[in-house]
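Just so you know, all these numbers are worked out from the coordinates, no wet-lab data involved. Not measured: the values here are computed from a predicted model. Cβ: placed from backbone, ideal geometry, glycine included. Neighbour counts: every protein chain shown.
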Amino acid sequence: QVRLVESGGGLVQAGGSLRLSCAASGSIASIDAMAWHRQAPGKQRELVAYITSGGSTYYGDSVEGRFTISRDNAENTVDLQMNSLQLEDTAVYYCVCNTRILGSIWYSDYWGPGTQVTVSS
């Protein structure tokens, strides 16, 4: 019903930058919040950042000031610009969209398959 495709992950040196993108497609009526989560090896999944349909943003403490989330409501895309990357940012990054599908009155979270980000020293 809703498909999320992430791109932009890869290997980068500490201090470098990457930009993740996520595109949502399918039977979409509307998307409320869009977010990025991440999960590092041996750690719990954590919220990195989210952005509401109105453009309000939230960032986790560990990425505040280094990462920027943005979205294009017309294209159903959400991006995560990651600067000053640190070793601790190594994780699988997941796009999440709180979406109402056509014919429904309810919103549900849809997750992408994830994209690996590896920061090397």
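Sort out which residues of segment 4-52 are assigned to a strand (DSSP E or B), of a type in the set (D, E, K, R) and touching a residue at least 40 places away in the same chain (Cβ under 8 Å), and write them in order of number. Step through it out loud before you land on a result.
Looking only at segment 4-52, we keep the residues that are assigned to a strand (DSSP E or B), and these are 4-7, 10-13, 18-26, 28-39, 46-51.
From what is left, the residues that are of a type in the set (D, E, K, R) are 6, 19, 32, 38, 46.
Matches in segment 4-52: Glu6, Arg19, Asp32, Arg38.
Using the structure shown, decide if Glu88 is under 16 Å from Leu4 (Cβ atoms), without any contact (Cβ under 8 Å) to a residue 60 or more places away in the chain, out of contact with any Lys or Arg (no Cβ under 8 Å at 6 or more places or on another chain) and not in a strand (DSSP E or B).
Answer is no for this residue.
Sort out which residues of segment 80-104 are crowded, with 21+ Cβ neighbours inside 10 Å and charged (D, E, K, R), and write them in order of number.
Correct list: Asp89 only.
Tell me the residue from Gly15, Gly55 that is surrounded by fewer than 12 Cβ atoms within 10 Å (Cβ to Cβ), in contact with a Leu (Cβ under 8 Å, 6 or more places away or on another chain) and at positive phi, please.
Just a single option satisfies the conditions, and that option is Gly15.
Any idea which of Gly112, Gly60 is without any contact (Cβ under 8 Å) to a residue 40 or more places away in the chain, in contact with an Asp or Glu (Cβ under 7 Å, 6 or more places away or on another chain) and surrounded by 14 or more Cβ atoms within 10 Å (Cβ to Cβ)?
Within the list Gly112, Gly60, the selection yields Gly60.
Working carefully through the options Asn98, Asn83, Asn76, find the one that is under 15 Å from the mean Cα position of the chain (by Cα), on the phi > 0 side of the Ramachandran plot and not small (Gly, Ala, Ser).
Asn76
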